[in-house]
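Heads up, the thing below is written out as structure tokens.
Nothing in this text is a laboratory measurement; each read-out follows from the coordinates by a stated rule. None of these values were measured; they are calculated from a predicted model. With ideal geometry, Cβ positions are generated from the backbone for all residues, glycine too; neighbour counts draw on all protein chains shown.
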């Protein structure tokens, strides 16, 4: 009842200063009827409760524009990489690691995911909590669920998960902020990822990825473990392409199944030949400022793409983690 009163109170207050033209009134959208039916039948929501939330949600054209032009699709690798590997972000990463060293060490021990990977993800996603998103999650998910047909089923499921999540955590669904895609918290988890992977890493009874850095660190680590991260295994290595290489083997985005030995026969070899020949790999190529860079990604590299499907994202995140680790280990310059 408290949740319902909160929803109606906030919805009523919003309606006093927002015109009907500013709203899509998603409660009357053709797809909303089935959505409300499901929330009532499967999650025991009151129909008027869900309708009030959908009426309060705003359609955001800027969100539709943003999802149509993600950076990994609009920029070549050498420009995309610079977005995430600037000196300021690396310095911020060193500070974040130092301030949260105990939690990172415990997460590494418990989940088998290296601290640099955890730090890098939080750095890429939110600059270590500095940029957690400027869109109301309810607006983002409603806009994409009802007005973005290419991925409407996915975002409808996320909207469902979001309402269930905010009710269980007693959070106001009209106030939580996130990315244009509805991702939230330090690690920018989608609502279903919060449900599946968020952990109460400080044992205070709440999985808080929004304010609690310890919970956020444990949750990112648990996400990787849950998606198959192999403790201590290789991630990605620079490679070179031999004359006559098989271009069809490049950037397949599939889980690695071709052994390193077979990939060599396809014309791709690691620059540092220190890996077992039977390890499965995928071959990658990206535009450098001059020429082309080649890489071989192992199973752990594929796991990073479970966080974000872009292979450029995965490569940039891994390189950021290595850069932060190197900066943290470097001797301090003499004053």
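Just a few scattered comments:
- Counted residue by residue at 0.36 nm each, then reduced by the alpha carbon distance between them, the extension gain from residue 292 to residue 172 reaches 38.4 nm.
- Length added when fully stretched, residue 38-residue 91, from 0.36 nm per residue minus Cα-Cα: 14.4 nm
- Protection proxy ranking of 25-36, 172-183 - average other beta-carbon atoms within 10 Å, highest first: 172-183, 25-36
- Relative packing of peptides 314-323, 190-199, 79-88, 95-104 - highest average C-beta neighbours within 10 Å first: 314-323, 190-199, 95-104, 79-88
- Cα→Cβ-extended label distance, 7 Å offset, between residue 68 and residue 248, nm: 3.5 nm
- Gyration tensor verdict on the range 49-115 (Cα atoms; rounded if a/c is under 1.5, prolate if a/b is larger than b/c, oblate otherwise): oblate
- Spin-label model distance (nm) - residue 131 vs residue 271, 7 Å beyond Cα toward Cβ: 2.8 nm
- The chain, relative contact order [Cα under 8 Å, separation at least 6], %: 18 percent
- Dividing the summed -39500 (n - 2.57) terms of all DSSP H runs of n ≥ 4 by the residue count of the chain sets its mean residue ellipticity at 222 nm at -15500 deg cm²/dmol.
- R0 of 22 Å, Cβ-Cβ distance residue 255-residue 192: FRET efficiency to nearest 0.05: 0.60
- In this structure, residue 278 and residue 152 have a Cβ-Cβ separation that, at R0 = 45 Å, corresponds to a calculated FRET efficiency of about 0.60.
- Listed candidates (i) 34, 24, 19; (ii) 36, 20, 18; (iii) 40, 23, 18 - label of the one calculated as semi-axes √(5λ) of the Cα gyration tensor in Å: (iii)
- DSSP bridge pairs, the range 236-297: antiparallel proportion in percent, nearest 5: 95 percent
- Listed peptides 160-169, 261-270 by packing density, highest first (mean Cβ within 10 Å): 160-169, 261-270
- Hypothetical label at residue 110: residues of the range 219-251 whose amide nitrogen lies under 15 Å (7 Å Cα-Cβ projection): 219-226
- Using a Förster distance of 30 Å, the FRET efficiency for residue 200-residue 309 (Cβ separation, nearest 0.05): 0.60
- For residue 46 and residue 101, the difference between the fully extended length at 0.36 nm per residue and the C-alpha to C-alpha distance is 15.3 nm.
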